[in-house]
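Participant: Below you'll find the structure I mean.
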Amino acid sequence: MRLIIDLARGMLSRRRRQTLVSVLGVALGVAFFIAITSIMRGFQTYFIQQVIDVQPHIVIKDETRNPTVQAAQLALPDGAVSVNGVKPIDRVRGIRAAGEKLAMLEAIPGAAAAPILTGAALLRYGSRDVSITVTGIDPARYARVANIEKDMLHGRLDDLRSTANGLIIGDTLALRLGVQLGDTVVAVSPRGVSLQMKIVGLFHTGLATLDQSAGYVLLKVNQVLQDRPNVVNQILLRLADVTQAEPLARDIESRFGERTESWEEQNRNILTVFVIQNAIMYSVTGAILLVAAFGIYNIISTVVFEKTRDIAILKSLGFTEGDIQLLFLVQGLIAGFLGAVLGCLIGQVMIEGLAQLRFSSETPAGNDRFLLARDWRIYAIASAFAMVSAALAAVIPARRAARLDPVQIVRGAA
Amino acid sequence: MTALLTAHGMARTLPEGVTLVTDIDLVIQGGEFVAITGPSGSGKSSLLYLLGLLDRPSAGRILFEGQDTAALSASDLAALRLARLGFVFQFHFLLPEFTALDNVLIPIRRRGALKPTAAEARARMLLDALGLGAAAEKLPEQLSGGMRQRVAVARALANDPVLVLADEPTGNLDTRNAAAVFDIFARLAAEEGRAVLVVTHDAELAKRATRRVHLVDGRIISDEKT
């Protein structure tokens, strides 16, 4: 094998310039692959990071995924039972035995849980009405599952506790209502309860839906406002290991029965977009590498053509067809390997260059630069891709070389 | 004693219908120095490639050390060439990127029977024996035609073959170098007991061989020993 590699290196060294060109082709393919993947993955990772950062990882809701099975159907599983006009049992909606479930969830290692009650309300200030979603929280527990504290412009979550009927709203909502910190607004719930509330804090998350139609109050206050004493309708969970969210959500759902959604399920539409994005990216960079592979095909073909005499002599010396095929395959792999190494270096330089770029306008997420993923696995994938395409490109000329008949060559030359 | 190489009623016809050689019956023993002579196009080289197991006959049989070569696969034949045969061509056919020493080392390394140090020692010994000790580290382009051809001979001897085949090995050499190469062949046959088959059109050089096979139009018309 060492002999084959030595022979391959010797043959390529004679075509230095051409080898360099095809190596450069592979290198550019690898470099673009690395740079583009880095941009895309960087953005996706940033986005997911934001989602993981801001949103709870698991949400347990006071509803079931499927309607409950009727008793008649349970009793006669094989019977043709059809129950029409079923109305939901008129019970107080909410997560039952929330306190016990909360204790069980808190016992999971690395998990923090917070109970909340969400409901609609109308905020009234002077002649202005804005309908919002009010979330009743326990500030200490809520701070552990959602990172709202960092988005606070004025006040803190704890101010809810120190002020009677305190309310925290988004800055856009405050603008629409025309209220400022310290003002008192009237909140009216669909159940007809109305409460005077004092603005104790303003936040800005950058997410329009939250900033213009969300409000936070104490859990107790919202239970009064919604006329649902002691009711909790969602439990939010935050995990130390976000990758466990989906299996854990399934586990919780099967144990408690309540519909439980992981952050992946809640953001499925965007994650699907990422999948399509990745498919496009891989096909574009794959095309670049394909073009590079033609360069390798070209040089190996040239070398085979030029080296027919050497192939004949090697065969007459007792090299088998397999040896000859391997010899040219190795040349393709050498070109692929050099291209991969060079491509990784160029890719690294491109990433450093992109990292210096600044956009003149801020993106909605508040960034003025590319968010770049720096992951050795991107380099590994690009290199492997280059090596495989180089090997594939070399196979055809290598097979042709292996089939050459030494007698015809020697006779032609003699 | 089994003959080293036996050809029985051997013929080689190209697919286009051209007959290269026909009705070849030949027995070659170890230690023989055979010159194959004949005019251009008489099938000398074709016969050599057949006897050197590079080509397969269209009819008849070739027995190498008593074994019918028709039964051997392409890679079996390659293994046989590697271990038992040595080729020298009209043009030296050294690999231009490698030194004289490396060129001689290629078949030895391919066979893999010797450790690297032993392989290099053997290659240097062969080069020394052919008066090329000083040229071992030189590239083929730095050597004269005669030296290159002697490197090619050293390469042919790399794996200690029982049969050395040479196709017009002196075609590109001046008289003095040609004579030197023939002296080497004579020594290989007489002193080392190898069979040597040389294709040549030079009647003077052919006289140095112990046996002359004359070919006309693909047929053996005379086979004389001295």
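Participant: Take every Cα-Cα pair in chain B and report what % of them are more than 27 Å apart.
Facilitator: Roughly 31 percent, once rounded to a whole number.
Participant: Could I ask something else about it? At a Förster radius of 60 Å, what calculated FRET efficiency corresponds to the Cβ-Cβ distance of A:VAL388 and B:THR210, to the nearest 0.05?
Facilitator: Efficiency for this residue pair is about 0.55.
Participant: Which one of B:THR13, B:SER144, B:VAL216 has its Cα pushed farthest toward the positive end of the charge dipole of chain B, where Lys and Arg give +1 and Asp and Glu give -1 at the Cβ?
Facilitator: Farthest towards the positive end: B:SER144.
Participant: Past the 26 angstrom mark, what percentage of all C-alpha to C-alpha distances in segment B:57-184 do you count?
Facilitator: 25 percent
Participant: Count charges around B:SER46 for me, please; just the other residues with Cβ under 9 Å from its Cβ, Lys/Arg as +1, Asp/Glu as -1.
Facilitator: Counting the neighbours of B:SER46, the net charge comes to +2.
Participant: While we're here: I need the peptides B:125-132, B:73-80 ranked by packing, meaning the mean over residues of other C-beta atoms within 10 angstrom, with the highest value on top.
Facilitator: Per-residue mean Cβ counts within 10 Å order the peptides as B:125-132, B:73-80.
Participant: Suppose every Lys and Arg Cβ carries +1 and every Asp and Glu Cβ carries -1, with no other charges. What dipole size does segment B:156-226 come out with about its Cα centre, to the nearest 20 debye?
Facilitator: Using only the charged Cβ atoms, the result is roughly 200 debye.
Participant: Please give the direction-averaged projected area of the C-alpha convex hull for segment B:1-40, in square nanometres with one decimal.
Facilitator: Answer in nm², one decimal: 3.9.
Participant: Ranked highest first by the average count of other Cβ atoms within 10 Å around their residues, in what order do A:42-55, B:148-161, B:9-22, A:156-169 fall?
Facilitator: Ranked from most to least packed, the peptides come out as B:148-161, A:156-169, A:42-55, B:9-22.
Participant: Averaged over B:159-172, how many beta carbons belonging to a partner chain fall within 10 Å of each residue's beta carbon?
Facilitator: Mean shielding count: 1.
Participant: Over all directions, average the projected area of the Cα convex hull of segment A:95-160 and note it in nm².
Facilitator: 6.0 nm²
Participant: Please label the shape of segment A:1-41 as rounded, prolate or oblate, based on the square roots a ≥ b ≥ c of the eigenvalues of the alpha-carbon gyration tensor (a/c under 1.5 means rounded; beyond that, a/b larger than b/c means prolate, else oblate).
Facilitator: oblate
Participant: Could you give each residue of segment B:159-174 its phi-based ³J(HN,Hα) in whole Hz, using Karplus coefficients 6.51, -1.76, 1.60 with θ = phi - 60°, and x for Gly or Pro?
Facilitator: Running phi through 6.51 cos²θ - 1.76 cosθ + 1.60 with θ = phi - 60° gives 9, 6, x, 8, 9, 10, 10, 9, 10, 6, x, 10, x, 9, 10, 6 Hz.
Participant: Also: Binning at 10 Å from 0, report for chain A what percent of all alpha-carbon pair distances ends up in each bin.
Facilitator: Computed distribution, short to long bins: 4, 16, 18, 16, 13, 11, 9, 7, 4, 1, 0.
Participant: Sorted by average packing, counted as other Cβ atoms within 10 angstrom per residue and highest first, what order do A:259-265, A:75-81 take?
Facilitator: In descending order of packing, they fall as A:259-265, A:75-81.
Participant: Lysines within cross-link reach of B:LYS44: Cα-Cα under 19 Å, excluding same-chain residues under 8 positions apart?
Facilitator: By straight Cα distance, B:LYS44 reaches B:LYS207, B:LYS225.
Participant: Give me the inter-chain shielding for A:400-408: mean count of other chain Cβ atoms within 10 Å, whole number please.
Facilitator: Per-residue shielding by partner chains comes out at 2.
Participant: So if I place +1 on the C-beta of Lys and Arg and -1 on the C-beta of Asp and Glu, and nothing else carries charge, what would the dipole magnitude of segment B:24-125 be about its Cα centre? I want it in debye, nearest 20.
Facilitator: With only Lys, Arg, Asp and Glu charged at Cβ, the dipole is about 280 debye.
Participant: Also, I was wondering about something else. Determine the shape class of segment B:7-68: with a ≥ b ≥ c the square roots of the Cα gyration tensor eigenvalues, call it rounded for a/c under 1.5, and otherwise prolate if a/b is greater than b/c, oblate otherwise.
Facilitator: oblate
Participant: Compute for segment B:49-118: radius of gyration divided by Kirkwood radius, i.e. Rg/Rh, restricted to C-alpha atoms, rounded to two decimals.
Facilitator: Rg/Rh: 1.04.
Participant: For chain A, what number of Lys pairs, 8 or more residues apart or on separate chains, have alpha-carbon atoms under 23 Å from each other?
Facilitator: Eligible lysine pairs with Cα atoms under 23 Å apart amount to 7.
Participant: Still on this structure, I have one more. For labels at B:ASP223 and A:ARG403 in the simple 7 Å Cα→Cβ model, what's the distance in nm?
Facilitator: 3.8 nm
Participant: Roughly how big is the protein assembly as shown's charge dipole about its Cα centre, with Cβ charges of +1 (Lys, Arg) and -1 (Asp, Glu), in debye to the nearest 20?
Facilitator: Computed about the Cα centre, the dipole is about 280 debye.
Participant: On the first, second and third principal axes, largest extent first, how far apart are the outermost C-alpha atoms of segment A:228-326 in Å?
Facilitator: Between the extreme Cα coordinates on each principal axis of segment A:228-326 lie 94, 28, 21 Å.
Participant: Could I get the Rg over Rh figure for segment A:255-404? Both from C-alpha atoms, Rh via Kirkwood, rounded to two places.
Facilitator: 1.21
Participant: Also: Picking from A:TYR282, A:VAL51, A:ILE299, whose Cα lies most toward the positive end of the charge dipole for chain A (charges on Cβ: Lys, Arg +1; Asp, Glu -1)?
Facilitator: Comparing the listed Cα positions along the dipole, A:ILE299 ranks first.
Participant: A further question follows. In whole Å, what are the extents of segment A:61-141 along the principal axes defined by its C-alpha atoms, from largest to smallest?
Facilitator: Cα extents, longest axis first: 59, 45, 17 Å.
Participant: Also, I was wondering about something else. Compute the long axis of helix A:16-54 from its Cα atoms, compare it with the longest principal axis of the Cα atoms of chain A, and write down the angle in degrees, 0 to 90, nearest 10.
Facilitator: 10 degrees
Participant: If you don't mind, there's one more thing I want to ask. How would you classify segment A:153-197 from its alpha-carbon gyration tensor, with a ≥ b ≥ c the square roots of the eigenvalues: rounded for a/c under 1.5, else prolate if a/b is greater than b/c, otherwise oblate?
Facilitator: oblate
Participant: Taking the simple approach of a point 7 Å from Cα along Cα-to-Cβ for both A:SER127 and A:THR272, what is their distance in nm?
Facilitator: 4.5 nm
Participant: Then there's this: Per residue of A:304-315, count partner chain C-beta atoms within 10 Å of its C-beta, then hand back the mean as an integer.
Facilitator: 3
Participant: Let me ask another. Where Rh is the Kirkwood radius over the Cα pairs of segment A:158-243, the temperature 4 °C and the viscosity 1.567 mPa s, what D in µm²/s does Stokes-Einstein return?
Facilitator: 92 µm²/s
Participant: Taking every pair of distinct Cα atoms and averaging 1/r, then inverting, what Kirkwood hydrodynamic radius in Å comes out for segment A:247-289?
Facilitator: In segment A:247-289 this quantity evaluates to 12.5 Å.
Participant: Separation of segment B:62-91 and segment A:266-300 by C-alpha centroid, Å?
Facilitator: Here the answer is 50 Å between Cα centres.
Participant: Take the Cα radius of gyration of segment A:93-235 and divide it by 2.2 N^0.38 Å, with N its residue count; two decimals is plenty.
Facilitator: 1.02
Participant: Take chain A, connect every pair of alpha-carbon atoms lying under 10 Å apart with a spring to form a Gaussian network, then pick out the residue of A:GLN223, A:GLN234, A:GLN277 with the largest mean-square fluctuation.
Facilitator: Taking springs between Cα atoms under 10 Å, the residue moving most is A:GLN277.
Participant: Let's test the formula: R0 of 30 Å, r as the Cβ-Cβ distance of B:MET125 and B:LEU72. What FRET efficiency results, to the nearest 0.05?
Facilitator: 0.45
Participant: Under 12 Å from the Cβ of A:GLN50, count the other residues' Cβ atoms, weight Lys and Arg +1, Asp and Glu -1, and hand me the total.
Facilitator: -1
Participant: Another question, if that's okay. Using only Cα atoms, find the angle between the long axis of helix A:245-256 and the longest principal axis of chain A, and express it within 0 to 90 degrees, rounded to the nearest 10.
Facilitator: That helix lies at roughly 40 degrees to the long axis.
Participant: Let me ask you something else. Determine the sum of side-chain charges near B:ALA70: Lys and Arg each +1, Asp and Glu each -1, restricted to other residues whose C-beta is under 10 angstrom from that of B:ALA70.
Facilitator: +1
Participant: Once the Cα atoms of helix A:268-306 and of chain A are each reduced to a long axis, what angle between those two axes, in degrees from 0 to 90 to the nearest 10, is obtained?
Facilitator: 10 degrees
Participant: Largest first and in whole Å, what are the equivalent-ellipsoid semi-axes of segment B:112-203 based on the Cα gyration tensor, each being the root of 5 times an eigenvalue?
Facilitator: 22, 17, 10
Every number here is computed from the coordinates shown, using simple stated rules; none is lab data. No experiment lies behind these values; they were computed from the predicted model shown. So basically every Cβ, Gly included, is an ideal-geometry build from the backbone, and we count neighbours across all protein chains shown.
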